[in-house]
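S.K.: For reference, the structure I am asking about is given below.
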2 protein chains.
Amino acid sequence: MIKKPLIITFVVTFNYNMKKVLVLGSTGSIGNNTLNVIRNLPGQFKVTALTVNTRIDLLKPQIEEFNPEIVVVKEEKPAEELRKRLNGKIEVLSGIKGLCSVASGCEYDIFIGAMVGSAGLAPTIEAIKRGKRIALANKETLVVAGELVNELSKKYNAEILPVDSEHSAIFQCLAGENINQVEKIILTASGGPFLHNSKNDFLNATVEEALNHPNWKMGNKITIDSASMMNKGLEVIEAKWLFNIAQDKIDVVIHPQSIIHSMVQFWDGSIKAQLGLPDMKLPIQYALTYPERLQNNNLRTNLPLIGQLTFFEPDLDKFECLKIAYAALNTGGSAPCVLNAANEVAVDKFLKGTIKFSRIPYIINKSLEKIEHFNQPDLDIIFQCDKLTREFAAGLS
Amino acid sequence: MIKKPLIITFVVTFNYNMKKVLVLGSTGSIGNNTLNVIRNLPGQFKVTALTVNTRIDLLKPQIEEFNPEIVVVKEEKPAEELRKRLNGKIEVLSGIKGLCSVASGCEYDIFIGAMVGSAGLAPTIEAIKRGKRIALANKETLVVAGELVNELSKKYNAEILPVDSEHSAIFQCLAGENINQVEKIILTASGGPFLHNSKNDFLNATVEEALNHPNWKMGNKITIDSASMMNKGLEVIEAKWLFNIAQDKIDVVIHPQSIIHSMVQFWDGSIKAQLGLPDMKLPIQYALTYPERLQNNNLRTNLPLIGQLTFFEPDLDKFECLKIAYAALNTGGSAPCVLNAANEVAVDKFLKGTIKFSRIPYIINKSLEKIEHFNQPDLDIIFQCDKLTREFAAGLS
């Protein structure tokens, strides 16, 4: 009798090798896409915590699917309700305190900062202090406190990786290169829905028109910022701090197809560009897997099918917000914080229909004139500037 | 009385740090541009040897300017004349033997292989055997003997760096990346002067029309290869060996502006591209200075000024040579050697006006049918295939 060999196949998921991920802002556009990426790379990542503002209805299925240890919601009352419903199986915290306590106390490898606005700053700093990898989609963190955040990252050996498609493109182009040999960073901008409108039309734009972005499906705040090109202004400021580069080395080029996500020009004249479809899953995945790239089934870019890529200089007279952002970066200190807070208030007013589109740059300029300037603000001063600007801008229309 | 401090400024050129460079084919387009690059980076490179075929009138001013230790010319008679004129100050050799003896005996750090045709193979192998850095513009070396050349480079720890703008682009895009995570290499092609002609017009093209390349100023042989797209076929074969990648992972895309020099698509879907004006000085400089980039004053690329970049699939029915090259690469073994030799003969006939443009693919196909195939040719067999193909193709018209 011939003995059959006994073959045992082990299929083991090495949980202990899975990277633990904390997703702040999990129901927003970036948060959702982050969970898509994690879902598509099974066995690679474990979600430790999810945090949302108010969309608890969207949080519930995420909790079921990803089974985090902790969740944070904005207000204590819905937190209390959720706590009861989850029956102690998952810890539920609330507010900025909750966010900070997750960032400072939870076990994780990668912090995904995908919340909107300057509320992202405090928990990000907690993650920096623990020397974590921070995948930063919340551009306000660097816009309002770039210098400080950089100092802290250096001190605590934290790794800040960009999630924005533009900054991810630059980061990818810099792989294997020397940042000191960079001559220029070229941020591409779609030009938004008003690229081909005259300044007059554009200044009287409706909310619906401004939300009609040609390429990207994003949250409302950032879509309005794209229409005014303040988004690109904030990205210029973010790029300065992410890559530690002088502002006069950061250019903006209009590229309506959003296929080239950004470029780096080196001092030998060579330009490297990163291309892809307008899909946030790629830059999110890169921030999660860097320096490796993991295989996925995302749609691929077919350049012959796309046919042409075009480029223009931005019109700074028409896109006043971009000009104001460059000026605030030149002023430095607390100016970018004031710029950002005033813009948040103005965009909110526009979305609520209480101001015209043309009043966005007006409110920002007025705030920059009014709010006291600090050359080297610490965190307390930054929070104070942010608060004072919001109060002041709230009164403008 | 106050004593003035004595300030002495030392400006020293550290000759012992200068890289020694051997330029094979110094009066051709790449050779000339190499000397331009060296001239524009004073103190970085010392030219040890210059070699030319017949253009001794162009060699003379190069000798004066760069003061090499040795020069090589093709024929012994002009070598003897030059030897007398130079009066023993510079050694003068001749022929393939001279080239090989420079490559194997001369003192140098970087070997610039800028000669045209398969004559480049033997001296390149000498340089490989010494474990040198080889800046390879002579694509025939890899086309006819890619597998062998790769084995030898590995054995002798030689470094083969591309000079072709396309392969340099790919090489630049691969910096800091893992070649195993590459999904596709995308070689861009201008499409040459006949991109917009119908197949019929194109097959009856005159020499003058075929030499009228829209973007690049190059030598005659390579300009005709561009018109037939055989140049891109040779580049596909070259890419396979340079980057050790399967041929089905090498795509060709028509990009008439020649601004994106080539691209790499990674398995996460991200594409990296290298861009620049159509100017060989940049890829040559990169091969000389890699992994560093040195600052230069070359013209910069202004994308808003260029306005648009377009992309098409190549028409393999019209550009038959490209299809034949893919097929030869698939066959492997000695087929690319036969392809290359038959093409050299056919292009030469076309340039001399003895055949029509449409006979180029015909002569190549006939040669591939006729010449005996070898699966794993050694160098002797390769030289034999090259010789037999040339003899056979010479009889076709």
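S.K.: For the protein assembly as shown, count all C-alpha to C-alpha pairs, find those more than 55 Å apart, and express that count as a whole percent of the total. Can you show the working numbers first?
M.R.: On the way: 70491 of 314821 pairs.
Result: 22 percent of Cα pairs exceed 55 Å.
S.K.: Give B:356/B:387; B:323/B:366; A:184/B:240; B:74/B:132 a once-over and call out the pairs whose C-alpha atoms are over 21 Å from each other. Can you show the working numbers first?
M.R.: Values: B:356/B:387 23 Å; B:323/B:366 15 Å; A:184/B:240 32 Å; B:74/B:132 24 Å.
Violating the 21 Å limit, Cα to Cα: B:356/B:387; A:184/B:240; B:74/B:132.
S.K.: Using amide H atoms built in the peptide plane, which far-off residues or other-chain residues are under 5 Å from residue B:189 H to H?
M.R.: Excluding prolines and chain starts, which carry no amide H, the hits are B:253, B:254, B:255.
S.K.: Still on this structure, I have one more. If you roll a 1.4 angstrom probe over the protein chains with everything in place, what fraction of the accessible area of region A:271-357 belongs to carbon and sulfur, to the nearest %? Don't skip to the end; give the middle numbers.
M.R.: Working: 1690 of 3210 Å².
After summing per-atom areas, the C and S share lands at 53 percent.
S.K.: Any idea what the relative contact order of chain B is, in percent, if you count C-alpha pairs under 8 Å spaced at least 6 apart? The partial results should precede the final answer.
M.R.: Working: 695 pairs, mean separation 55.8, N = 397.
Answer for chain B is 14 percent.
S.K.: Other chains near A:61-73: what is the mean number of their Cβ atoms within 10 Å of each residue's Cβ? If you can, show how the numbers build up before the last one.
M.R.: Working: counts 0, 0, 0, 0, 0, 0, 0, 0, 0, 0, 0, 0, 0.
Rounded to a whole number, the mean comes out at 0.
S.K.: Given the C-alpha atoms of region B:197-315, compute the convex hull and give its volume per residue in Å³. If you can, show how the numbers build up before the last one.
M.R.: Details: hull volume 18.9 nm³, N = 119.
Value for region B:197-315: 158 Å³ per residue.
S.K.: What is the distance in Å between the Cα centres of region B:89-152 and region A:14-88?
M.R.: 60
S.K.: With the full set of protein chains in place, find how many percent of the accessible area of region B:100-214 is carbon and sulfur; take the probe as 1.4 Å. List each step's numbers first, then the result.
M.R.: On the way: 1760 of 4020 Å².
That share works out to 44 percent.
S.K.: Could I ask something else about it? Could you work out which residue, out of B:372, B:159, B:292, moves most in a Gaussian network model of chain B, that is, has the largest mean-square fluctuation with Cα springs under 10 Å?
M.R.: Largest GNM mean-square fluctuation: B:292.
S.K.: Can I ask one more? As a test of the definition: with a 1.4 Å probe, what buried accessible area, both sides summed, do you compute for A against B, in Å² to the nearest 100? The partial results should precede the final answer.
M.R.: Numbers: alone 19240 and 19220 Å², together 34780 Å².
About 3700 Å² of accessible surface is lost on pairing.
S.K.: How much length is gained on full extension from residue B:310 to residue B:381, taking 0.36 nm per residue of separation minus their Cα-Cα distance? The partial results should precede the final answer.
M.R.: Numbers: separation 71, 0.36 × 71 = 25.56 nm, distance 4.29 nm.
Gain on stretching residue B:310 to residue B:381: 21.3 nm.
S.K.: Just to confirm the number: angle between the C-alpha axis of helix A:359-370 and the first principal axis of chain A, 0 to 90 degrees, nearest 10?
M.R.: With both axes taken from Cα atoms, the answer is about 80 degrees.
S.K.: Which of the peptides A:56-62, B:147-153, B:257-263 is most tightly packed, and how do the rest follow, judged by the mean count of other Cβ atoms within 10 Å per residue?
M.R.: Values: A:56-62: 15.7, B:147-153: 17.9, B:257-263: 23.9.
Packing proxy ranking, top to bottom: B:257-263, B:147-153, A:56-62.
S.K.: Once you average over the residues of A:255-265, how many Cβ atoms of partner chains fall within 10 Å of each Cβ? Can you show the working numbers first?
M.R.: Details: counts 3, 0, 1, 0, 2, 6, 2, 0, 4, 0, 4.
That works out to 2 on average.
S.K.: Sticking with this structure for a sec: Could you pull the Cα extents of region A:43-127 along its three principal axes, largest to smallest, in whole Å?
M.R.: 33, 31, 21
S.K.: State to the nearest 20 debye the size of the charge dipole of the protein assembly as shown about its Cα centre, where the only charges are +1 on K and R beta carbons and -1 on D and E beta carbons.
M.R.: Dipole magnitude for the protein assembly as shown comes out near 840 debye.
S.K.: So what's the back-of-envelope 222 nm ellipticity for chain B, counting only DSSP H runs of four-plus at -39500 (n - 2.57) apiece and dividing by all residues, rounded to 500?
M.R.: On the way: 17 runs with 184 residues, N = 397.
Helices in chain B give a 222 nm mean residue ellipticity of -14000 deg cm²/dmol.
S.K.: log10 I(q)/I(0), Debye, Cα-only chain A, no solvent, q = 0.08, 0.11 Å⁻¹?
M.R.: For chain A, the Cα-only Debye profile gives -0.43, -0.80.
S.K.: Need the list of lysines near residue A:77 for cross-linking: C-alpha distance under 19 angstrom, and skip anything on the same chain fewer than eight residues off.
M.R.: Result set, ordered by chain and number: A:60, A:89, A:97.
S.K.: Here is a further query. Need one value for B:292-305: mean number of C-beta atoms belonging to other chains within 10 Å of its residues' C-beta atoms.
M.R.: On the way: counts 3, 11, 4, 6, 3, 1, 3, 1, 5, 6, 3, 15, 9, 2.
Across B:292-305, the average partner-chain Cβ count within 10 Å equals 5.
S.K.: A follow-up question, please. Evaluate the charge dipole of chain A about its Cα centre and quote only its size in Debye, nearest 20, assuming +1 on the Cβ of each Lys and Arg and -1 on the Cβ of each Asp and Glu.
M.R.: Working: 43 positive and 43 negative charges, 265 e Å.
Roughly 1280 debye, rounded to the nearest 20.
S.K.: Could I ask something else about it? With the contact rule set at Cα under 8 Å and sequence spacing of 6 or more, what percent relative contact order holds for region A:19-162? Intermediate values should be presented prior to the final figure.
M.R.: Details: 273 pairs, mean separation 31.7, N = 144.
The normalised contact order for region A:19-162 reaches 22 percent.
S.K.: Let me check against my output: what whole-number percent is the relative contact order of region B:232-387, with C-alpha pairs under 8 Å and at least 6 apart? Could you put the intermediate results ahead of the total?
M.R.: Working: 146 pairs, mean separation 34.6, N = 156.
Reported relative contact order: 22 percent.
S.K.: Stokes-Einstein diffusion coefficient for region B:138-249 at 10 °C in a medium of 1.306 mPa s, Rh from the Kirkwood formula over Cα pairs: what value in µm²/s?
M.R.: On the way: Rh = 15.5 Å.
Rounded, D is 103 µm²/s.
S.K.: Separate question: Can you give the % of DSSP beta bridges in the protein assembly as shown that are antiparallel, to the nearest 5? Spell out each step's value before the answer.
M.R.: Working: 30 of 90 bridges.
Here the share of antiparallel DSSP bridges comes out near 35 percent.
S.K.: Can you pull a Stokes-Einstein diffusion coefficient for region A:242-295 at 25 °C (0.890 mPa s), Rh from Kirkwood over Cα pairs, as a whole number of µm²/s? Spell out each step's value before the answer.
M.R.: Details: Rh = 13.3 Å.
Answer, rounded: 185 µm²/s.
S.K.: A further question on this structure: For region A:18-73, state the semi-axes of the equivalent ellipsoid (square roots of 5 times the eigenvalues of the alpha-carbon gyration tensor), sorted largest first and rounded to whole angstrom. Don't jump to the answer; show the numbers that get you there.
M.R.: Working: eigenvalues 58, 26, 17 Å².
For region A:18-73, the ellipsoid semi-axes come out as 17, 11, 9 Å.
S.K.: Now a separate question. Heavy-atom accessible area per residue, region B:19-162, 1.4 Å probe: how many Å²? Walk me through the numbers before you get to the answer.
M.R.: Details: 6070 Å² over 144 residues.
Heavy-atom accessible area per residue stands at 42 Å².
S.K.: Given 25 °C and 0.890 mPa s, compute D for region B:19-162 with the Stokes-Einstein relation, Rh being the Kirkwood radius over Cα pairs; round to the nearest whole µm²/s. Numbers along the way, then the final one.
M.R.: Numbers: Rh = 14.9 Å.
Rounded to a whole number, D works out at 164 µm²/s.
S.K.: How far is helix B:95-105 tilted off the main Cα axis of chain B, in degrees rounded to 10, range 0 to 90?
M.R.: Helix B:95-105 sits roughly 50 degrees off the main axis of chain B.
S.K.: On to the next question. Could you state the accessible area per residue of region A:201-326 in Å², with a 1.4 Å probe and every protein chain left in place?
M.R.: Numbers: 4500 Å² over 126 residues.
Accessible area per residue, region A:201-326: 36 Å².
S.K.: For chain B, set up a GNM with springs between Cα atoms under 10 Å and report which of B:340, B:215, B:17 has the largest fluctuation.
M.R.: B:17
S.K.: Positive end of the charge dipole of region B:240-337 (Lys, Arg +1 and Asp, Glu -1 on Cβ, about the Cα centre): tell me which of B:303, B:329, B:257 has its Cα farthest that way.
M.R.: With unit charges placed on the Cβ atoms, the residue in question is B:303.
S.K.: Would you mind telling me which residue in A:203, A:339, A:187 has the biggest mean-square fluctuation in a Gaussian network model of chain A, where springs connect alpha carbons within a distance under 10 angstrom?
M.R.: Between A:203, A:339, A:187, it is A:203 that shows the largest mean-square fluctuation.
The values are calculated or read from the model by the stated rules, or taken from the named source; none is laboratory data. All values derive from a computational prediction rather than experimental measurement. Counting neighbours? That spans all protein chains shown, and the Cβs are built from the backbone with ideal geometry, glycine included. Protein only, heavy atoms only, side chains kept; ligands, DNA and RNA dropped before computing areas. Shrake-Rupley method; radii C 1.70, N 1.55, O 1.52, S 1.80 Å.
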